[in-house]
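Reviewing the structure listed below.
The values are calculated or read from the model by the stated rules, or taken from the named source; none is laboratory data. A quick note: this is a predicted structure, and the numbers were derived from the prediction, not measured. With ideal geometry, Cβ positions are generated from the backbone for all residues, glycine too; neighbour counts draw on all protein chains shown. Note: areas computed on protein heavy atoms with side chains; ligands, DNA, RNA excluded. Shrake-Rupley method; radii C 1.70, N 1.55, O 1.52, S 1.80 Å.
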Amino acid sequence: MYQKAEVLVLLTDVFCKRFLPPYGDRRVDQMNMAARCGKQNIVEGCEDGMTSSQMEVNLVNVGRSSFQELREDYEDYLKRNGLLLWDRTHPRFDAIVGFCRKNNSWEAYRGLASKLSAEEFCNLALTLCHITDKMFDGYLKYLEKRFIEEGGIKERMYAARTGYRQEQDARMRALEAENAALKKRIAELEKLLGGG
C-alpha cells in the first residue's frame, strides 16, 4: 500500500507539472497535498499504531480519504477536458490494471510519466487510486479484526499487567502453602524429638 502511495505522490507531481498551469491554479497544491497526505498518514498511522489502535485506524482513514479526494481531482480533470474515463469495456483497461497491480516502484512508472497523454495519465493514476483504496479497505478490516481479537494497546497492556499480578499472586500463595507445610513438619519433628 505504501509503495503504491509513494508512486501516486510522484505521479501527481509530474501530472501537475505537465498538464496544469504552473501558476494560479489551486489544483496543483490541492492534488499534491492530497497525494502527500495519503502517503504520510499511512506512515503516521503505522507509527502511532504502536501506542494507539484507535489513532492508527483514524490516520489510515484520513489517508484513504485523501486518496479518494485525489481520485476526484483526476476524474474532474477528465470531465473538464472532455477526456474518457476508462471502464471495464475500454480495450486498454485490463492492461493498465495488470500493470498497476504488478508494479510498485517509481522506476516502473518514471518513463511512462513523461510520455503518456493526459487521458492515459489520468487513467493510470485513477487505477492506482482504486487499487490503493482496496488495499486501504483490506488493511482497515485487518486492524478491526486485530482489535477485536487482541484489543488495543491499552487492553494488551492491562492484560499483561493483570497476568503478571496473577502470576505473582499464585507464586505467593504457593510459597505461603509451602511455608505452612514446613511449619507443620517442624512442629511434628519437634514433637518427635521432645517426646523421645
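Per the conditions (1) open to solvent by 40 Å² or more (accessible area, probe 1.4 Å); (2) among the aliphatic types (A, V, I, L, M); (3) assigned to a loop (DSSP other than H, G, I, E, B), the sole criterion not satisfied by Met55 is (3). If you check Gly24, Gly45 for being out of contact with any Ser or Thr (no Cβ under 6 Å at 6 or more places or on another chain), among the small types (Gly, Ala, Ser) and either surrounded by 15 or more Cβ atoms within 10 Å (Cβ to Cβ) or at pLDDT 90 or above (or both), only one passes: Gly45. Total residues in the stretch 2-31 satisfying the condition of being of a type in the set (S, T, N, Q) and under 20 Å from the mean Cα position of the chain (by Cα): the figure is 1.
Could you check the stretch 107-151 and list, in sequence order, the residues that are part of a loop (DSSP other than H, G, I, E, B), open to solvent by 40 Å² or more (accessible area, probe 1.4 Å) and not charged (D, E, K, R)? Answer for the stretch 107-151, where residues must be part of a loop (DSSP other than H, G, I, E, B), open to solvent by 40 Å² or more (accessible area, probe 1.4 Å) and not charged (D, E, K, R): Ser114, Ser117. Would you confirm whether any residue within the stretch 62-72 is closer than 14 Å to Phe147 by Cβ, modelled with pLDDT under 90 and surrounded by 21 or more Cβ atoms within 10 Å (Cβ to Cβ)? No - not one qualifying residue is present in the stretch 62-72. Mind listing whichever residues of the stretch 73-98 are part of a helix (DSSP H, G or I) and open to solvent by less than 60 Å² (accessible area, probe 1.4 Å)? Result: Asp73, Tyr74, Glu75, Asp76, Tyr77, Leu78, Phe93, Ile96, Val97, Gly98.
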